[in-house]
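The next block holds one structure in the form of structure tokens; read it before the comments.
The values are calculated or read from the model by the stated rules, or taken from the named source; none is laboratory data. Worth saying up front: this structure is predicted, and the values here are computed from it rather than measured. Neighbour counts are summed over all protein chains in view; Cβ atoms, including those assigned to glycine, are modelled from backbone coordinates with ideal geometry. Heads up: the accessible areas ignore ligands, DNA and RNA and are worked out on the full protein's heavy atoms, side chains in. Shrake-Rupley method; radii C 1.70, N 1.55, O 1.52, S 1.80 Å.
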Amino acid sequence: MLETLRKILILHVVLILALLIAPAPNELPRAYDPLLFYAMNLTKNYMLDFEHNIFAYPFAKLFGVSSAKVTLIAHGWFDSLTAALYLAALITIAALSPVTTILIYRYVEPGLYSHERRIVRKYVFMALGLFLSGILYGYFVVMPIVFATAVWITTLGGASLLFSIEEFYNDIFLGSLATGVFFMFPLAMLTLHKIGVVNYETLNKNWRYIVFAGYVILALITPDPTPFSDLALGIPFVALYFLSMWLVKKSEQKKQ
């Protein structure tokens, strides 16, 4: 296991260093700008250009901040570098997640029977698909809405739109990863079914209560205190819940 973890760690470090060192192709040969900082500028423009962001614009227009101009500031000498590492970590985790999944599967494969291998392969790669879908949804949908809401709250308080660059990319990192983990909810429910905690009848009978409880939990853990980011996560949560019901039902049918 230690050898597998060492390989995973080395791959992640190498890709982060490559992002820090490799030049942005659009600037060569005129200037040398690391690829990672070029990606930072793309991220900033995508997240904070509310007028042209298809997901944030309806909320920004509703709040009256669609044309707001946000300035990111550094409080320390190396805040931009720290922010860059947050984005590099997110890119690396997402890009290498298929490789990480394969390495972990290869480690556990020798201890599995043939029928167990088929099951584990199916669920491991399902988890990978859900995780990556969650990261992309968190990055492209949830976080722009969160920032539009944050700008609105800031203007309500009469403050200038000056935000820490380190906190900005830290929020993107944590928000995107958290959404990726959140999207793995169907597999968590399937696991509970496998150990006898839940069944299809329970999920089907109590879906309204469970969805409501899930929405309450989302309200507690989402990055902003308003219901708008909860809405962005609540809609896919309902879809994930019904996917969970379908998976549990299929599992029960196979047992029968």
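Here is how the numbers come out for the structure above:
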{"quantity": "Odd one out for Pro98, checked against (1) crowded, with 16+ Cβ neighbours inside 10 Å; (2) farther than 25 Å from Lys69 by Cβ", "calculated": "(1)"}
{"quantity": "Any chance Leu17 is modelled with pLDDT under 90 and either over 21 Å from the mean Cα position of the chain (by Cα) or within 30 Å of Ile235 (Cβ to Cβ) (or both)", "calculated": "no"}
{"quantity": "Qualifying residue in the stretch 198-210 (condition: at pLDDT below 80, under 30 Å from Met143 (Cα atoms) and of a type in the set (Val, Ile, Thr))", "calculated": "yes"}
{"quantity": "Residues of the stretch 46-80 classified as over 17 Å from Ala159 (Cα atoms), within 23 Å of the chain's Cα centre (by Cα), aliphatic (A, V, I, L, M) and not in a helix (DSSP H, G or I), total", "calculated": "2"}
{"quantity": "Residue count, the stretch 142-164 (criterion: part of a strand (DSSP E or B), in contact with a Ser or Thr (Cβ under 8 Å, 6 or more places away or on another chain) and either among the aromatic types (Phe, Trp, Tyr) or within 26 Å of Phe182 (Cβ to Cβ) (or both))", "calculated": "1"}
{"quantity": "Candidate set: the stretch 215-241, residues that are modelled with pLDDT under 75 and open to solvent by less than 60 Å² (accessible area, probe 1.4 Å); chosen: the one farthest from Ser176 (Cα to Cα)", "calculated": "Thr226"}
{"quantity": "Of all residues making up the stretch 174-189, the number that are surrounded by fewer than 21 Cβ atoms within 10 Å (Cβ to Cβ) and touching a residue at least 60 places away in the same chain (Cβ under 8 Å)", "calculated": "2"}
{"quantity": "Count of residues meeting criterion [closer than 15 Å to Ala84 by Cβ, open to solvent by less than 30 Å² (accessible area, probe 1.4 Å) and among the small types (Gly, Ala, Ser)] in the stretch 12-57", "calculated": "2"}
{"quantity": "Candidate set: the stretch 10-58, residues that are in contact with a Pro (Cβ under 6 Å, 6 or more places away or on another chain) and touching a residue at least 24 places away in the same chain (Cβ under 8 Å); chosen: the one farthest from Gly175 (Cα to Cα)", "calculated": "Leu20"}
{"quantity": "Meets criteria (aromatic (Phe, Trp, Tyr) and over 17 Å from Leu240 (Cα atoms)) for Phe183", "calculated": "no"}
{"quantity": "Set Gly111, Gly134: member being more than 23 Å from Leu42 (Cα to Cα) and not hydrophobic (A, V, I, L, M, F, W, C)", "calculated": "Gly111"}
{"quantity": "Residues of the stretch 127-148 satisfying the condition of being within 21 Å of Ser251 (Cβ to Cβ) and either crowded, with 16+ Cβ neighbours inside 10 Å or in contact with a strand residue (DSSP E or B) (Cβ under 6 Å, 6 or more places away or on another chain) (or both)", "calculated": "Ala127, Leu128, Leu130, Phe131"}
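For (1) free of Cβ contacts under 8 Å to residues at least 12 places away in the same chain; (2) of a type in the set (Phe, Trp, Tyr), each residue gets a yes or a no:
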position	(1), (2)
Thr101	no, no
Ile104	no, no
Glu109	yes, no
Gly134	no, no
Val151	no, no
Phe163	no, yes
Ile172	no, no
